[in-house]
Structures are given as C-alpha cells and as structure tokens.
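A short worksheet on the structure shown next.
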Amino acid sequence: IISGAVEAIKSDGLQDREHTRHFSMIEQAIKRSSSLTNRLLAIGRRSDVTLAPIDLLTVVEHAVEVISRTTDRTVRITLDCTLETDERTVNGDASAFESVFINLGLNSIQSIDGPGLIDVSLQSSGPPPGLNTDETRFVKVIWKDSGGGIKRENHDKIFEPFFTTKADTGGSGLGLSIIQSTVLAYAGKIEMESAPGQGTTFKIYLPITDQLPDTVAITTFDEHVPMNGKILIVDDEPSFLALLSEFLSGCGYQT
C-alpha cells in the first residue's frame with residue numbers, strides 16, 4: 001500500500017526535487033522493511049519448497065552481476081566453471097538460490113576492508129561428509145573472500161538466527177541463517193572455513209538432477225491494444241482495494 005501510493009503520487013508528476021528525494025527515502029525504507037520481514041518469515045515458517053530444474057551457473061552469474069553493480073567496485077569478483085549443463089543442474093527455486101549467493105556476496109563485501117577479492121567456482125563433487133543422502137552426484141559452489149575472517153569462537157554461532165558481529169552497523173544476523181535454511185531445504189549442505197586475517201570460504205553442496213533446465217518462452221504483446229473490460233478485485237484491505245482500483249481504472253478498466 002505504501003509503495004503503491006508513492007508510485008501513484010510520482011506518476012502524477014507533481015513532485016518537485018525535494019519531494020523526489022523524500023520519495024526515494026521512503027522507497028528505500030520500504031525495501032529494507034520488506035527484506036527484513038521476508039527473512040523473519042522464512043525463519044518462522046516452513047513452507048513447501050519449489051522444485052524445478054535450474055542451471056546453477058546462471059543463478060550464480062546473475063547474483064555476481066547484481067553484487068558487482070551495487071557494491072564497492074574495489075572488490076573484484078571472479079567466477080570459474082568448466083562444468084557442462086548436466087553437471088550443474090539442480091532441483092530448486094532460482095530466486096531462493098539467487099538470494100543465497102547475493103547474501104554471501106554482501107557478507108564478503110562487508111568483511112573486506114579496502115580492495116579485495118571474491119573468488120567463486122563451481123565444481124563436481126560427491127556427497128559431502130556428514131550428509132545422510134542416497135544422492136551420489138553433487139555440484140559444489142566454493143565462495144572464497146579475502147576479508148577479515150571469523151574468530152574461532154564464533155564458528156558455531158554464525159548460522160544462528162539473529163547472531164551478528166555487525167550490530168553497530170545495522171546487521172540483523174539473518175543472512176547466514178537464511179542461507180543455511182535454503183540449502184538444507186533443497187537437500188544440500190553448507191560448510192565454512194575461516195580464520196582471522198585469512199578470509200572466509202563457504203562450500204555449498206547441492207544434489208544434481210537428471211532433468212534439464214526449463215526453457216522460458218518469451219512472449220510479446222501489442223502495447224497499442226486498448227485495455228478495457230471489467231475486473232473483480234477481492235481483498236480484505238480497503239486501502240489496497242482503493243489503490244489497485246485507481247490504478248486499473250487509469251489503465252482503462254472498470255473495477
């Protein structure tokens with residue numbers, strides 16, 4: 001409702017430069033609140049996981065691209081993979097795995113003081129030690145950074161919800177907990193190696209599927225086709241109903 005109302009006001013074109021700055025602040029606050037809420041919900045509930053064959057390299061590449069565009073450019077990210085498609089296809093949800101690797105990237109960026117390196121690679125692997133599974137073929141993602149490392153006494157705590165060493169800079173302690181929850185939900189395992197001054201390495205193991213990734217058909221539409229018709233909106237939030245009705249009416253629909 002809040003973000004929709006902001007978009008509606010912005011689309012009127014009535015705001016001046018100062019209002020534009022304030023709207024930008026509101027939108028950033030909405031995104032942070034939404035992200036935190038989603039993380040809390042992911043910990044608090046155990047919803048059904050989405051299973052579909054996905055090319056893990058494509059997911060990692062996109063996550064690396066997002067991190068590279070939005071964070072400190074003095075940190076160089078390298079990505080290495082020589083696996084064929086059938087050696088890196090896993091069952092899972094692309095957006096969930098993308099969140100895993102973006103969170104790993106943000107953790108690495110925050111741990112690096114000044115110029116640094118994040119080295120990412122995908123390798124073939126057998127089942128990781130300690131994982132009770134009948135699967136024999138895994139893909140292993142190695143995520144290594146040149147950051148400050150993690151103290152030995154914190155190694156057993158880093159995957160605990162709300163544990164953070166960055167409380168003074170706004171850390172919520174949810175990132176690594178979400179990562180572990182996601183990896184476990186898809187029958188995988190995550191391991192960590194770290195020492196102060198020697199960086200941190202995460203290893204994520206995921207079972208390979210024999211299915212091939214789905215191909216997404218790109219559909220096109222004629223933007224000149226008039227929008228008309230009647231749409232029934234059902235919701236228990238009056239403000240949301242009013243906002244959506246206003247938007248659709250503006251597009252030419254009756255609601």
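The values are calculated or read from the model by the stated rules, or taken from the named source; none is laboratory data. Note that the coordinates shown come from a computational prediction; the quantities given were computed from them, not determined experimentally. Methodologically, a virtual Cβ is constructed for each residue, glycine included, from the backbone with ideal geometry; neighbour enumeration extends over all protein chains shown. To get the accessible areas, we keep the full protein, side chains included, count just its heavy atoms, and leave off ligands, DNA and RNA. Shrake-Rupley method; radii C 1.70, N 1.55, O 1.52, S 1.80 Å.
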- When the stretch 126-141 is examined, which residues are found to be touching a residue at least 24 places away in the same chain (Cβ under 8 Å) and open to solvent by 30 Å² or more (accessible area, probe 1.4 Å)? 127, 130, 131, 133, 135, 137, 140
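Taking the stretch 72-108 as the region of interest, how many residues are of a type in the set (Val, Ile, Thr) and open to solvent by 30 Å² or more (accessible area, probe 1.4 Å)? Let's see the steps before the verdict.
Step one: list which residues in the stretch 72-108 are of a type in the set (Val, Ile, Thr), which gives 74-75, 77-78, 82, 85, 89-90, 100, 102.
So of that shortlist, the ones also open to solvent by 30 Å² or more (accessible area, probe 1.4 Å) come out as 74, 77-78, 82, 85, 102.
Qualifying residue count for the region: 6.
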- Task: Would you mention how many residues in the stretch 78-95 are part of a helix (DSSP H, G or I) and at pLDDT 90 or above?
- Result: 3
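Given 173, 147, which one is open to solvent by less than 60 Å² (accessible area, probe 1.4 Å), modelled with pLDDT of 75 or more and not in a helix (DSSP H, G or I)? Talk me through it step by step, then tell me what you get.
Working: 173 fails: modelled with pLDDT of 75 or more.
Testing whether each residue is open to solvent by less than 60 Å² (accessible area, probe 1.4 Å), modelled with pLDDT of 75 or more and not in a helix (DSSP H, G or I) leaves just 147.
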